[in-house]
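First up is the structure itself, then whatever we jot down about it.
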Amino acid sequence: MSKKKGLSAEEKRTRMMEIFFETKDVFQLKDMEKIAPKEKGITAMSVKDVLQSLVDDGMVDCERIGTSNYYWAFPSKALHARKRKLEVLESQEERTMLVKELSSLRQQREQLKAEVEKYKECDPQVVEEIRQANKVAKEAANRWTDNIFAIKSWAKRKFGFEENKIDKNFGIPEDFDYID
């Protein structure tokens, strides 16, 4: 019984790619089934499966011409594929950095908004709005004071009540007057 182990799938793929890169030639399946066992020790039974997995992964090109399938892979294609993959990884890293920067800027914006909100009462526009609201409230209070004096005057004339009794019965303070 032999102690020799077979090749793993990844080793077979690597060795098959070496055949393509070393020869820089185009092969049919039957050619690969002859060359792979002799040169790289890949069993003839697994050549078709290994070749198909390389085609599926885009590492080997396959084209049907007439009734035959032709397979090829050149070192320059592998180099270009690695470069494209590297560019994609770099763009992903750049995107990650930009997302972090965006997050940082958003957080800084929220902090600045909170700080602006803290000092909002010092804003001239807000101060002017508060003054206008106070003016309207003062006018309303004086209008109600005027109405109360009018009712007190009417009650004195109509019923002959004294002013201090009206104030006492209706809970009107002695120092009740217009707001200046």
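Only the coordinates and a few stated rules stand behind these numbers; no lab work does. Bear in mind the structure is a predicted one, so any value in this text is a computation, not a measurement. No Cβ is skipped: glycine too gets one built from the backbone with ideal geometry, and neighbour counts run over all protein chains shown.
Overview of results
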quantity: Highest-fluctuation residue, 162, 33, 87 considered, GNM on the chain with Cα pairs under 10 Å; calculated: 162
quantity: Cα-centred dipole magnitude for the stretch 2-60, charges only on beta-carbon of K, R (+1) and D, E (-1), debye, nearest 20; calculated: 380
quantity: FRET E, pair residue 98, residue 21, Förster distance 25 Å, beta-carbon r, rounded to 0.05; calculated: 0.10
quantity: Label-point separation in nm, residue 8 to residue 39, each point 7 Å along Cα→Cβ; calculated: 2.4
quantity: Degrees between helix 75-118 axis and first principal axis of the chain (Cα, 0 to 90, nearest 10); calculated: 10
quantity: On Cα atoms only, tilt of 29-40 relative to the major axis of the chain in degrees; calculated: 80
quantity: Separation of the residue 77 and residue 144 label points, Cα + 7 Å toward Cβ, nm; calculated: 8.9
quantity: Most positive-pole-ward Cα, 178, 103, 88, against dipole of the chain from beta carbon charges; calculated: 88
quantity: Nearest-0.05 FRET efficiency for residue 178 and residue 126, computed from C-beta distance (R0 25 Å); calculated: 0.35
quantity: Zone of residue 109's modelled label, taken as backbone nitrogen in the stretch 62-103 under 13 Å from a point 7 Å along Cα→Cβ; calculated: 101-103
quantity: Percent of Cα-Cα distances greater than 24 Å, calculated over the chain; calculated: 70
quantity: Structure-based [θ]222 nm, the chain - -39500 (n - 2.57) summed over DSSP H runs of at least 4, per residue, nearest 500; calculated: -24500 deg cm²/dmol
